[in-house]
Amino acid sequence: MVVFDLYSKRQARLRGDDADVYRYDHMPQKLRVQIIHILDRALGSREQCSNYVGHVEQSYRLIVQTMRQETGVFSLPPSSSQSSPYIELREFFLKEASVEACLDVVELAFRTIDHMSRRFGYMNKDGYDERADEAIADLNIRFKENAVGYQFVDGEIVRVDSELIHAEAVKPAVRLLNTKEYAGPHQEFLNAYEHYREGRNKEALNDCLKAFESTMKAICDKRGWAYKPGDTAKALIDILYAEGLVPPFWQNQFASLRGLLESSIPTGRNKQSGHGQGATPTTVPDHMAAYMLHMTASTLVFLTKAEESLP
């Protein structure tokens, strides 16, 4: 893949510049330009349009004509109908205000990459399956890096998580943990999302568990509740229940929550990434990592709000 972990990216992570995780209503100019670079490599660039008219020009013309027809225009603004398809598409994509229209372009363009560029001899090159797969992988990495909540999967642009979950769990978790008392779990939770956005799903699960355990320890420290330094999730959960973080008359209703706290986050981490993987390397799929991140966020919100409600 042609994606590098630059010095500036590492410094941004250290500064915590990407605390808000995902957005759905904004497509940064940086991401638009990065996508054009991917298209240039996979479908061909402006210069290649003249060299491989039968391939490159045809690919861009198909995307532009589809967009014109579906949006009911004769040319994509701000270009005139005299522009080449490559220039018309690029200018439209760089200047279009509607995120949905931009995603339409991305979906059409990467469907074209997925199908037309795999044909034998595209731009007189062999082995283009690898180039197409790399382009799709690079696109999904750029979405994650820019905190834009979409992926290209099975020929379609899809949300990587629910707006409701993001609004009701992820954002509150980031906000509630962003205090001196919760500095440790706050950083671990952000690290988990950073790992997920960069495709390091095993590391994401490890940091989910760290954030979960650190939040419980921070609550114990804040309230003066004793625990052992080596206590893991189960022992810490027992302490929180014993100290009345959840009132006794609610504990029957929260029986399922206790099962969730005791098994889901620790088990997900332990089974998928916490121990040796054996002879066959284990892989944590994206949907599992996303699920565990959301589950962790919801649990951290519950724990911190429960602590706030105590007298």
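Below is a table of values for the structure above.
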item: Test: residue in region 84-99 that is loosely packed, with under 15 Cβ neighbours inside 10 Å and under 13 Å from residue 39 (Cβ atoms); result: yes
item: Failed item, numbered, when residue 129 is tested on (1) surrounded by fewer than 19 Cβ atoms within 10 Å (Cβ to Cβ); (2) in a helix (DSSP H, G or I); (3) modelled with pLDDT of 90 or more; result: (3)
item: Region 34-50 residues that are within 17 Å of residue 139 (Cα to Cα), paired with ones that are among the β-branched types (Val, Ile, Thr) and modelled with pLDDT of 90 or more (beta carbon under 7 Å, 6 or more apart); result: 35/106; 42/113; 43/112; 43/113
item: Residue among 217, 210 that is out of contact with any Ser or Thr (no Cβ under 8 Å at 6 or more places or on another chain), of a type in the set (Lys, Arg), farther than 30 Å from residue 145 by Cβ and surrounded by fewer than 23 Cβ atoms within 10 Å (Cβ to Cβ); result: 217
item: Residue in region 106-116 that is modelled with pLDDT under 90 and not in a helix (DSSP H, G or I) present; result: no
item: Residue list for region 190-219, restricted to those being not basic (Lys, Arg) and not in a helix (DSSP H, G or I); result: 198, 199
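The values are calculated or read from the model by the stated rules, or taken from the named source; none is laboratory data. Since we're looking at a predicted model, the values are computed, not measured. Glycine gets a Cβ as well: all are built from the backbone with ideal geometry, and neighbour counts include every protein chain shown.
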